[in-house]
Amino acid sequence: ATAAAQQSAVLARTCEGARTPLLAAANTPAQLTARQRDIAHLAAKGTTSKQIAESLHLSTRTVDNHLQTIYTKLGVSTRRELAALLQEQGGE
C-alpha cells in the first residue's frame, strides 16, 4: 500500500493542479516513532547499522529491524531511497 501511495504521488505530480479527496488523503505522511526517526536520519547519512547500534545503545539486529519497519512505512527499500525521501520531505 505504501509503495502504491508513493507511485500515485509521483503520478499526481505530473497532473498539475489535480485535487481530489483521495489525493489529499494520500499526502498524509507515514508517522515514524521518535526512535525510528533517529535511526532513519542516521542511516540516511550513511551511518552503518553497527555504528547506529553503538551510538544508540542497541543491538545491530534491533537497528536492522527498525530499518525494515521504516522502509515498509515509507515505501522504500534502500538507504539511498530513504535518504532521497527524507530530503524530499524536508528532513522528516
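The values are calculated or read from the model by the stated rules, or taken from the named source; none is laboratory data. Keep in mind that this is a model prediction, so the values were computed, not measured. Cβ sites come from the backbone with ideal geometry, for glycine too, and all protein chains shown count toward neighbours.
Considering only residues of segment 53-92 that are in contact with a His (Cβ under 9 Å, 6 or more places away or on another chain) and of a type in the set (A, V, I, L, M), which is surrounded by the most Cβ atoms within 10 Å (Cβ to Cβ)?
Step by step, filter segment 53-92, then rank; the result is L86.
Please verify whether T14 is surrounded by fewer than 11 Cβ atoms within 10 Å (Cβ to Cβ) and either of a type in the set (F, W, Y) or at pLDDT 75 or above (or both), treating the condition exactly as stated.
Yes; evaluated as a whole, the condition is true for this residue.
For segment 41-67, what are the residues that are outside any helix (DSSP H, G or I) and either within 18 Å of L86 (Cα to Cα) or in contact (Cβ under 8 Å) with a residue 24 or more places away in the chain (or both)?
K45, G46, T47, T48
Residues in segment 58-75: is at least one basic (K, R), modelled with pLDDT under 95 and out of contact with any strand residue (DSSP E or B) (no Cβ under 7 Å at 6 or more places or on another chain)?
yes
Report, ordered by the first and then the second residue, all pairs with beta carbons closer than 9 Å, sequence separation of six or more or different chains, a first member in segment 68-92 that is in the same structural domain as G46 (by TED's automatic domain parsing), and a second member that is loosely packed, with under 11 Cβ neighbours inside 10 Å and assigned to a helix (DSSP H, G or I).
So the pair list comes out as G75/A4.
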